[in-house]
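Enquirer: The structure follows.
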Amino acid sequence: MHVVLVGSGQRPIPPTGYGGVERAIAEYAAALRRSGDEAIVINEVHASRTAEYRFASHLGRYRSTLTSAIVHAHTPVVANRLARAGIPFVYTTHSRHWFARDRWTERWGFRLECRAVRRAVATVAMTEVVRATVLETLRTAPPLGPVVTIPLGVDTERFSPGPSTGDPRIVLGIGAVLPVKRWHLAAEALVDTSLTLRLVGPVVDREYAARVRKSGPVEIVGEIADADLPRLYREASFVVHPSRVELFAGVVAQAMASGKPVVGSLAVRPLIDDGRTGLIIEEGSEPAMVASFRAAALRLSADDGLRSSLGAAARRTAEERFNWGSVVEAHRALYRSVGAFPATSL
């Protein structure tokens, strides 16, 4: 197949640091090429707050490429510009605005997201929860094409179990340091234990980072090179992910591929089988959630056998559900079913 993946205009592909959408595009493009397909990435990085709009305004430069291939967009401004230009596209939604629209910027982003989904010849939701939410939200004005569930992939060779179950004193958290991630709950849960939260990710909100540091035993590492991620998973006892909202927590899939159990909030339940591949903490008051995270953390840190069995089951699930070969084949089937692209691209 001949697939064109359109970037965001905000960061390079692959990103040099933070950039979940850009990393997903880069890894998917690499997986397509390994499978024998032709994958072209179109992206221009503009250093401004309106980067995506500036990039979208330049898409006319690539019209001959875009009209001769399967086009797959991942951001709403770009998707809506493709629609205005009459170029059919598949759209993957990465926006948490389906679940969180507190600020006016989030409400504006939500409007753009709805418009992109309605105009796409098909939309990819990364979990069944996201798919159901999109369909329910748009029930009065349904999208043009189908909405299907296809997860992100994970490199199960690069992310793989280490020779041991990890250091029982290290609890790993990976993600941006933002209030929506609720790292303070995990840090507070480790107070007066022998455990330390090792938090890896960009410090986007310094005020919140200070709150996390005051909440409990935490080491905020900041951003690291992608090449170091597999080592960090192997060194940790288990992974914690207390986020309030997630579309698809790629770090959870990476942890599972690395053979690490995850203690997570309801936001990651679509990935975690509670009690078999990890432990899910029910939503409630912050004190109640802290107590639940603490109980789960102490239980895992004290039981090598439990960590090992949960981690092994997590690894098998990652190999079955999130391997890139299966993800690519699911996309191929979707592209063929749409019927809106040039026959030569299929």
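We did not get these values from a lab; they are worked out from the coordinates using the rules stated. Predicted, not measured: the structure shown is a model, and the values here were computed from it. Neighbour counts run over all protein chains shown; Cβ positions are idealised from the backbone, glycine included.
Enquirer: Is region 266-346 best put as rounded, prolate or oblate by its Cα gyration tensor, with a ≥ b ≥ c the root eigenvalues, rounded for a/c under 1.5, and otherwise prolate when a/b is larger than b/c, oblate when not?
Expert: oblate
Enquirer: On a C-alpha basis, how far is the centre of region 205-282 from the centre of region 1-78 in Å? Whole number, if you could?
Expert: 27 Å
Enquirer: Now for a different question. Which of the following values of P(r) over Cα pairs in 20 Å bins from 0, in percent was calculated from the structure shown: (1) 27, 40, 23, 10, 0; (2) 30, 57, 13, 0; (3) 27, 60, 14, 0?
Expert: Of the labelled values, this structure produces (2).
Enquirer: Further question: Please list, ordered by chain and number, the residues whose modelled amide H lies under 5 Å from the amide H of residue 279; skip anything fewer than 5 residues away on the same chain.
Expert: 262, 263, 264
Enquirer: Give, in nm to one decimal, the length gained when the segment between residue 46 and residue 329 is fully stretched (0.36 nm per residue of separation minus the Cα-Cα distance).
Expert: Fully extending the segment from residue 46 to residue 329 adds 98.6 nm.
Enquirer: Can I ask one more? Give me the extension gain from residue 104 to residue 336: residue separation times 0.36 nm, minus the current Cα-Cα distance, reported in nm with one decimal.
Expert: Details: separation 232, 0.36 × 232 = 83.52 nm, distance 3.81 nm.
The span from residue 104 to residue 336 would gain 79.7 nm if fully extended.
Enquirer: Now for a different question. Let's test this: bin the Cα-Cα distances of region 12-73 at 5 Å from zero up to the farthest pair and state each bin's percent.
Expert: P(r) over region 12-73, rounded to whole percents: 3, 16, 22, 25, 21, 9, 2, 0.
Enquirer: What distance in nm lies between label points placed 7 Å from Cα along the C-beta direction at residue 191 and residue 33?
Expert: A separation of 5.0 nm, rounded to one decimal place.
Enquirer: Follow-up. Specify whether the C-alpha gyration tensor of region 61-160 places it in the rounded, prolate or oblate class, a ≥ b ≥ c being the square roots of the eigenvalues: rounded for a/c under 1.5, otherwise prolate if a/b is larger than b/c and oblate if not. If you can, show how the numbers build up before the last one.
Expert: Values: a/c = 1.56, a/b = 1.03, b/c = 1.51.
Taking the square roots of the gyration eigenvalues as a ≥ b ≥ c, region 61-160 is oblate.
Enquirer: Find how many whole Å separate the alpha carbon centroid of region 148-179 from the alpha carbon centroid of region 284-327.
Expert: Result: 10 Å between the Cα centres.
Enquirer: Further question on the same structure: Suppose R0 equals 35 Å; then what is the FRET efficiency for residue 16 and residue 321 from their Cβ-Cβ distance, rounded to the nearest 0.05? List each step's numbers first, then the result.
Expert: Values: r = 29 Å, r/R0 = 0.83.
Efficiency at R0 = 35 Å is approximately 0.75.
Enquirer: State, to one decimal in nm, how far the label point of residue 344 lies from the label point of residue 204, with both points 7 Å from Cα in the Cβ direction.
Expert: 4.1 nm
Enquirer: What FRET efficiency comes out for the pair residue 65/residue 226, r = Cβ-Cβ distance, R0 = 22 Å, nearest 0.05?
Expert: With a Förster radius of 22 Å, E is 0.20.
Enquirer: Rounded, prolate or oblate: which fits region 157-239 when a ≥ b ≥ c are the square roots of the eigenvalues of the alpha-carbon gyration tensor, with rounded for a/c under 1.5 and prolate only if a/b beats b/c?
Expert: Values: a/c = 2.71, a/b = 1.36, b/c = 2.00.
Oblate, because a/c is 1.5 or more while a/b does not exceed b/c.
Enquirer: Using the count of nearby Cβ atoms within 10 Å as a rough guide to exposure, how do 137, 196, 165, 93 rank from fewest to most? Show your work: numbers first, answer last.
Expert: Working: 137 14, 196 17, 165 23, 93 26.
Ascending Cβ contact count within 10 Å gives the list 137, 196, 165, 93.
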